[in-house]
Amino acid sequence: MNLTFTFFFNSILLGIGLAMDAFSVSMANGLNEPCMKHRKMCGIAGMFGFFQALMPMLGWFLVHNLVMYFHAVEPFIPWTALALLGFIGGKMLYEGITDKGECGDKPGVGFFALVVQGIATSIDALSVGLTISEYNFTEALLASLIIAAVTFVICMAGLVIGRTAGSKLSGKAGILGGVILIFIGIEILVKSFF
């Protein structure tokens with residue numbers, strides 16, 4: 001195992017790059033639920049970190065064992081992210097439009113929606129399996145755990161920013177959060193063409 005400064009530095013940079021979509025979605029979740037408790041914030045950031053670690057490991061596994069299948073599904077990854085984020089963003093948009101603006105009545109992000117968001121924002125991390133394919137299993141796992149830790153910290157920051165802005169924007173924050181999620185889905189799709 002070759003754990004150099006470069007290994008850790010590259011893993012942190014990968015984590016930062018991969019966490020940007022999850023950061024934006026976390027911010028949208030905070031906007032949508034300005035009264036969110038700290039425990040739920042940790043759960044949301046942890047869920048995003050989990051998926052950001054799972055997807056590179058899954059990609060690593062695919063590269064090492066099922067390369068021919070991985071290339072077959074790769075073109076569908078951006079479309080899947082767009083569909084998932086569009087669905088959740090549309091739901092948030094609808095709830096934001098019909099919201100009366102009171103904290104207690106405002107529906108927060110549920111477990112199923114959070115899982116969908118986690119998959120949608122991390123599905124592009126499957127391709128990181130190509131980047132870390134020269135690593136052995138232990139190195140790939142460590143890199144994935146570093147990515148998860150970086151994602152957790154970045155998502156917590158997104159939740160805090162969104163929650164703070166959400167309490168100031170009151171009833172219109174859910175609309176902004178939904179628009180952000182839809183935009184992220186479109187951005188993932190557009191980036192896949194370049």
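The values are calculated or read from the model by the stated rules, or taken from the named source; none is laboratory data. Bear in mind the structure is a predicted one, so any value in this text is a computation, not a measurement. Don't worry about glycine lacking a Cβ; one is built from the backbone with ideal geometry, like all the others, and counts go over all protein chains shown.
Things worth noting here:
- Answer from THR131, THR98, THR138 - the residue that is at negative phi and modelled with pLDDT of 90 or more: THR138
- Restricting the range 28-52 to residues that are within 11 Å of the chain's Cα centre (by Cα) and of a type in the set (A, V, I, L, M), the residue that is surrounded by the fewest Cβ atoms within 10 Å (Cβ to Cβ): MET47
- Picking from residues in the range 1-22 that are part of a helix (DSSP H, G or I) and polar (S, T, N, Q), the one that is nearest to LEU145 (Cα to Cα) is SER11.
- Checking GLY178, GLY110, GLY162 one by one, the residue that is at pLDDT below 75, closer than 16 Å to ASN32 by Cβ and over 14 Å from the mean Cα position of the chain (by Cα) is GLY178 and no other.
- If you go through the range 1-19 and keep only what is of a type in the set (A, V, I, L, M, F, W, C) and either surrounded by 24 or more Cβ atoms within 10 Å (Cβ to Cβ) or in contact (Cβ under 8 Å) with a residue 60 or more places away in the chain (or both), you end up with MET1, LEU3, PHE7, PHE8, ILE12, LEU14, ILE16, LEU18, ALA19.
- Pairing residues of the range 33-60 that are over 15 Å from VAL115 (Cβ atoms) with residues that are β-branched (Val, Ile, Thr) and not in a helix (DSSP H, G or I), at Cβ distances under 6 Å and at least 6 apart in sequence or on separate chains, gives TRP60/ILE132.
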